[in-house]
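Structure, as structure tokens:
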Amino acid sequence: MADRIVLCPNPLRDPALGYTLHASELLKASGKEVSICPVLPLGKDTGIPADVQFAPLDEAVRGASLLVSLGGDGTFLRASRAVIGSDVPILGVNLGHIGFLTELEANQLDRLVSAADGQYELEKRMMLDVELIRNGKVVYSDQALNDAVVRGKVSTVRIRVEGDGARIMEFSGDGLIVSTPTGATAYSMAAGGPLVEPTAMNLILTPICAHDLSVRSFVLDAERHLTIRPEYRTDKHVLLSVDGDSAVEILAGDEVRVCRSNYSTLLAHVRTKSFYDVAFEKLSLQGAGSGITA
């Protein structure tokens with residue numbers, strides 16, 4: 001049986017799925033079986049040929065040898081959820097703006113064939129387990145490849161953070177980001193957090209617009225167990241979001257617990273550039289030439 005490659009396009013980034021269908025043709029010509037699983041619902045009048053068939057992502061990924069996301073970093077994060085708990089590596093094709101998590105650009109689709117043949121290096125990236133505790137019970141849980149964010153909906157919020165029961169920080173501000181090393185180049189960096197090699201094992205705490213000059217980012221041991229307690233006030237709303245997904249409201253007395261997950265994400269690494277080269281190219285004015293477009 002042919003190896004099955006799962007293509008996960010973002011229809012907003014790949015109108016009419018032109019890049020996706022081209023990638024499918026290349027892979028099928030090399031003897032691969034291909035399943036196409038859009039990460040977002042298709043709209044009307046998409047221009048996609050009527051004979052194109054789609055498969056449910058959770059079913060297609062079973063027994064697959066590689067998952068390919070086609071879009072930006074958000075597409076990559078959505079697609080990566082499908083491979084949690086499996087040994088299926090994920091490879092990203094950048095059809096977005098920065099595309100820090102992606103390995104290939106749109107003009108490099110031919111390299112998918114060699115990747116589908118197993119010509120890549122595996123990179124293991126740590127993930128986070130995130131739980132929302134209410135009255136001693138878990139009312140929401142998720143895994144994060146990038147980050148978990150606790151933030152005020154409109155106004156500032158006071159937050160206390162503990163690591164294994166010891167106070168780490170307490171401040172008022174817009175919120176707090178708990179990031180993996182992979183997520184250190186995303187929201188955490190934009191909020192003033194440090195860059196961390198993505199294969200490292202750390203928890204990164206980055207306050208968002210803290211109203212305290214003494215509050216700074218912390219880089220913690222990966223085995224630290226964090227407890228985050230936002231102060232509750234009836235005139236303020238506090239939210240929790242994981243990897244930029246839909247936010248969940250945090251109520252009075254709730255606490256958020258974050259720790260290193262037993263799950264990890266496997267990335268298929270095909271580019272020859274180092275992490276530092278990519279960081280300068282995608283995240284700095286010097287490397288990007290004309291700056292970064294959001």
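The values are calculated or read from the model by the stated rules, or taken from the named source; none is laboratory data. Please read these numbers as outputs of a predicted model, since none were measured by experiment. Ideal geometry is used to build each Cβ from the backbone, glycine not excepted, and the neighbour counts take in all protein chains shown. Accessible surface areas use protein heavy atoms only, side chains included; no ligands, DNA or RNA. Shrake-Rupley method; radii C 1.70, N 1.55, O 1.52, S 1.80 Å.
Would you check which residues across the range 157-171 are open to solvent by 20 Å² or more (accessible area, probe 1.4 Å), of a type in the set (A, V, I, L, M) and within 15 Å of residue 203 (Cα to Cα) and list them? The one that is open to solvent by 20 Å² or more (accessible area, probe 1.4 Å), of a type in the set (A, V, I, L, M) and within 15 Å of residue 203 (Cα to Cα): 168. The residue list 170, 255, 223, 162 contains one member that is modelled with pLDDT of 95 or more and under 16 Å from residue 125 (Cα atoms), which is 223.
Counting only helices (runs of 4 or more DSSP H) wholly contained in the range 184-294, the ones carrying 2 or more residues that are out of contact with any Asp or Glu (no Cβ under 9 Å at 6 or more places or on another chain), open to solvent by 30 Å² or more (accessible area, probe 1.4 Å) and under 28 Å from residue 110 (Cα atoms) occupy 275-283. List every residue pair whose Cβ atoms lie under 7 Å apart, where the two residues are 6 or more positions apart in sequence or sit on different chains, the first residue falls within the range 132-157 and is at pLDDT 95 or above, and the second residue, located anywhere, is aliphatic (A, V, I, L, M) and not in a strand (DSSP E or B). Pairs that qualify, where the first residue is at pLDDT 95 or above and the partner is aliphatic (A, V, I, L, M) and not in a strand (DSSP E or B), are 134/251; 143/84; 145/77; 146/77; 146/186; 147/186. Condition check: assigned to a loop (DSSP other than H, G, I, E, B), small (Gly, Ala, Ser) and either farther than 22 Å from residue 38 by Cβ or at pLDDT 95 or above (or both). Does residue 118 satisfy that? The answer is yes for residue 118.
Just need a number here: residues in the range 73-92 that are open to solvent by less than 10 Å² (accessible area, probe 1.4 Å) and closer than 20 Å to residue 16 by Cα. So the answer is 4. Residues in the range 2-30 that are open to solvent by 90 Å² or more (accessible area, probe 1.4 Å) and hydroxyl-bearing (Ser, Thr, Tyr): 19 only. Against the conditions (1) open to solvent by 10 Å² or more (accessible area, probe 1.4 Å); (2) of a type outside the set (Val, Ile, Thr); (3) closer than 25 Å to residue 262 by Cβ, residue 67 satisfies every one except (1).
Checking each residue in the range 135-156 for being open to solvent by 70 Å² or more (accessible area, probe 1.4 Å) and of a type in the set (A, V, I, L, M, F, W, C) picks out 138, 139, 154. The listed residues are 137, 153, 124, and the only one of them that is under 22 Å from residue 233 (Cβ atoms) and among the charged types (D, E, K, R) turns out to be 153. Within the range 31-55, the residues that satisfy the criterion of being touching a Phe, Trp or Tyr at 6+ places or on another chain (Cβ under 7 Å) and open to solvent by less than 30 Å² (accessible area, probe 1.4 Å) are 36, 37. Residue 95: over 17 Å from the mean Cα position of the chain (by Cα), closer than 23 Å to residue 146 by Cβ and open to solvent by 10 Å² or more (accessible area, probe 1.4 Å), yes or no? Against the criterion (over 17 Å from the mean Cα position of the chain (by Cα), closer than 23 Å to residue 146 by Cβ and open to solvent by 10 Å² or more (accessible area, probe 1.4 Å)), residue 95 does not qualify. Remark: pairs (first residue in the range 237-264, farther than 13 Å from residue 144 by Cα; second residue open to solvent by less than 60 Å² (accessible area, probe 1.4 Å) and not in a strand (DSSP E or B); Cβ separation under 7 Å; 6+ apart in sequence or on different chains) = 239/247.
When the range 104-123 is filtered for residues that are open to solvent by 20 Å² or more (accessible area, probe 1.4 Å) and touching a strand residue (DSSP E or B) at 6+ places or on another chain (Cβ under 7 Å), the ones remaining, listed by number, are 105, 106, 111, 120, 121, 122, 123.
Yes/no matrix, rows are residues, columns are (1) in contact with a helix residue (DSSP H, G or I) (Cβ under 9 Å, 6 or more places away or on another chain); (2) hydrophobic (A, V, I, L, M, F, W, C):
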{"residue": "64", "(1), (2)": "yes, yes"}
{"residue": "68", "(1), (2)": "yes, yes"}
{"residue": "80", "(1), (2)": "no, no"}
{"residue": "102", "(1), (2)": "yes, no"}
{"residue": "106", "(1), (2)": "yes, yes"}
{"residue": "114", "(1), (2)": "no, no"}
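The residues of the range 56-81 that are among the aliphatic types (A, V, I, L, M) and over 14 Å from residue 127 (Cα atoms), listed by number, are 57, 60, 61, 64, 66, 67, 68, 70, 79.
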